[in-house]
1. If the requirement is being at the interface with another protein chain (Cβ under 10 Å from one of its Cβ atoms) and open to solvent by 10 Å² or more (accessible area, probe 1.4 Å), which of these qualifies: B:G253, B:G244?
2. Answer yes or no: is there a residue in region A:178-185 that is open to solvent by 80 Å² or more (accessible area, probe 1.4 Å) and modelled with pLDDT under 85.
3. If B:G129 passes every condition in (1) part of a helix (DSSP H, G or I); (2) in contact (Cβ under 8 Å) with a residue 12 or more places away in the chain; (3) more than 10 Å from chain A (Cβ to nearest Cβ); (4) not acidic (D, E) but one, which one does it miss?
4. So which residues in region B:240-285 are part of a helix (DSSP H, G or I) and small (G, A, S)?
5. Give the residues of region B:18-43 that are open to solvent by less than 70 Å² (accessible area, probe 1.4 Å), more than 21 Å from B:A88 (Cα to Cα) and either assigned by TED's automatic domain parsing to the domain that holds B:V293 or modelled with pLDDT under 80 (or both), sorted by residue number.
6. Exactly one condition in (1) touching a Phe, Trp or Tyr at 6+ places or on another chain (Cβ under 8 Å); (2) surrounded by fewer than 18 Cβ atoms within 10 Å (Cβ to Cβ); (3) not hydrophobic (A, V, I, L, M, F, W, C) is false for A:S46; which is it?
7. Filter region A:205-253 down to the residues that are open to solvent by 10 Å² or more (accessible area, probe 1.4 Å), within 8 Å of chain B (Cβ to nearest Cβ) and under 30 Å from A:S187 (Cα atoms) and list them by number.
8. Name the single residue, out of those in region B:52-105 being part of a loop (DSSP other than H, G, I, E, B) and of a type in the set (G, A, S), that is surrounded by the most Cβ atoms within 10 Å (Cβ to Cβ).
Amino acid sequence: MRRRSGTLVIGGSLVAMVILAALVSFVWTPHDPGLVVPQDRLAGPSGKHWLGADKLGRDELSRLMVGARTTLLVGIVSVGVAALIGVPLGLVAAMTWRWLGEILMRVSDFVLAFPAVLLAIMLTAIYGSGVVIAMIAIGISTIPAFARVVRSGALQVMSTEYVVAARAAGRRPVGIGLRHVLPNVTSLIIVQASVSFAIAILAEAALSFLGLGAPPDVPSWGRMLQESQSLLQQAPRLAIVPGVAIALAVLGFNLLGDGLRDLLDPRLQQRRVEVQR
Amino acid sequence: MILRLLSRLAVLVASLAVSTMVVFGFMVVLPGSPARVALGVNASDASVAQLEQEFGLDRPKGVQYLDWVGGLLRFDLGRSYVSRAEIAPQIADRLQVTLWLVVTSTVLALVIAVPLGVLMAVRHRRASGVLLSALSQVGVAVPAFLAGVLLVALFSVRLGWLPANGWTPPVEDPAMFLEQLVLPVLSLGLVQGAVLARYVRSAVLDVMREDYIRTARAKGLRPMRALVRHGLRNAAIPVVTVLGLQLATLLVGAVVIERVFVIPGLGSGLLDAVANRDLILVQDIVMLLVTAVLIVNFVVDLLYLVIDPRLRSVR
């Protein structure tokens, strides 16, 4: 029990740190993240630049903080959209005709064959790169995760006595879904959201690393890492700073998901959801 | 058994058919024509019309679709809008490169994950098991491209042991090939290994609670021996599933890793095609990658039947 809550605390703290960095960056950053200061080129960590400066003399910490915004924005929108579409689909798949459920699950299998990054590359070829494309691609590829989790949870709830009683009492399916099924799968949805968020962060970082995410003037962790690649000789720190940020954020959401799973539903089978990455 | 096989095959064929429509559909909804995209906004109408005529882009969309799918079935992937070269031979070369990456890193991931996962499960109550488990959690959080950059920083830049990037075909210079293969494969394999190890751990933990393991122990088998003789085959089912599902991840990882290490594989080809706005090439490579994922899912389904005889009679 103590280890479980440890997972939750560590995960929660890491996530809180990322959120805090993003929120604070709206009102304060040590320097203007876009300010080019030639004499500070590749400056090491100092009182002026806590995490040093990049190849243009821009403050690394400021860029890291503003980058957290990009990360969270993409995560929130893509996971939100995926949940909004995936949860109703999962409920429908569990509660209506069996053949419809089967078809929906086959479709979700099919969507899994299009990983987020591949989808984003394809969309970029057509519409050009951008944050919105990244969010759409990650969102679409995350829908199956929600649909599957909600379906399997809902199927369990459907066989419970209180649902059978509600059906016998003549409640309409929509009423049963909203009143009995949805509240009982909420914990599953929350856990899935946390794990999906970690996956979304990875996908966003990969896309901006490839130059397909946020535009160059918007700081993002993936792009910071990509820009550091040519400077590994002079300043390996520039790779380590955004790299650690990505890893800690992903670790945070993964641990938070694990911790929440244990907290919200101890009976739940350990269902590691990195599969959809 | 046969019925199950046939139904899976039908799903595969249907999925492939739908994928062609999805991939083609994405390219068709494009405002304007692929020729305009390839030539840029400043191209004259005449040159756009000429390119459209050359590649048959002025024909009805349905005809273009059937033509494309017909070509795919004959391994004729058309010609590039930009270089006008035949696409199939180019892609074949790149596919080889990517296959080297994906296959060797999958092997590495398995070599890491199976012993590590079993160890983590057997020792899950001891400090060493918990520590390994925590380490694997960190491994899961590190994307392959980050691992790649960090490995280059350490082994190429700092220590100078291995080349930072590049690719030499194995027939040209086997030693160089291996040297250049090490870091990309480590980047992909270590990360996949960490993810996979966590599944192996939970699968083995599940199996260890089974009655037949207790029976084996009661017969006097030592824990490890009971596990190896009775448990591993059962634990393999969820692990094979994950391995299959991870192929999609691995392919995407390879796309990015090829960028990090300047490797001329499918991923680099895809990104170059996007940069050149060569839509037919994008379409072909995406289709190829999706086909690979779908076929692997199909193979994973077949593997279930091999591993678990119980499934053969179901449905």
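1. The unique qualifying residue is B:G253.
2. Checking region A:178-185: at least one residue is open to solvent by 80 Å² or more (accessible area, probe 1.4 Å) and modelled with pLDDT under 85.
3. (2)
4. Correct list: B:G244, B:A248, B:G253, B:A254, B:G267, B:S268, B:G269, B:A273, B:A275.
5. B:V28, B:L30, B:G32, B:S33, B:V37, B:G40, B:A43
6. (1)
7. Matches in region A:205-253: A:A247, A:L248, A:L251.
8. Filtering region B:52-105 for residues that are part of a loop (DSSP other than H, G, I, E, B) and of a type in the set (G, A, S), the one surrounded by the most Cβ atoms within 10 Å (Cβ to Cβ) comes out as B:S80.
The values are calculated or read from the model by the stated rules, or taken from the named source; none is laboratory data. All of these numbers come straight from a predicted model, not from anything done at the bench. Glycine gets a Cβ as well: all are built from the backbone with ideal geometry, and neighbour counts include every protein chain shown. Side chains are part of the model used for accessible areas, which takes the heavy atoms of the whole protein and leaves out ligands, DNA and RNA. Shrake-Rupley method; radii C 1.70, N 1.55, O 1.52, S 1.80 Å.
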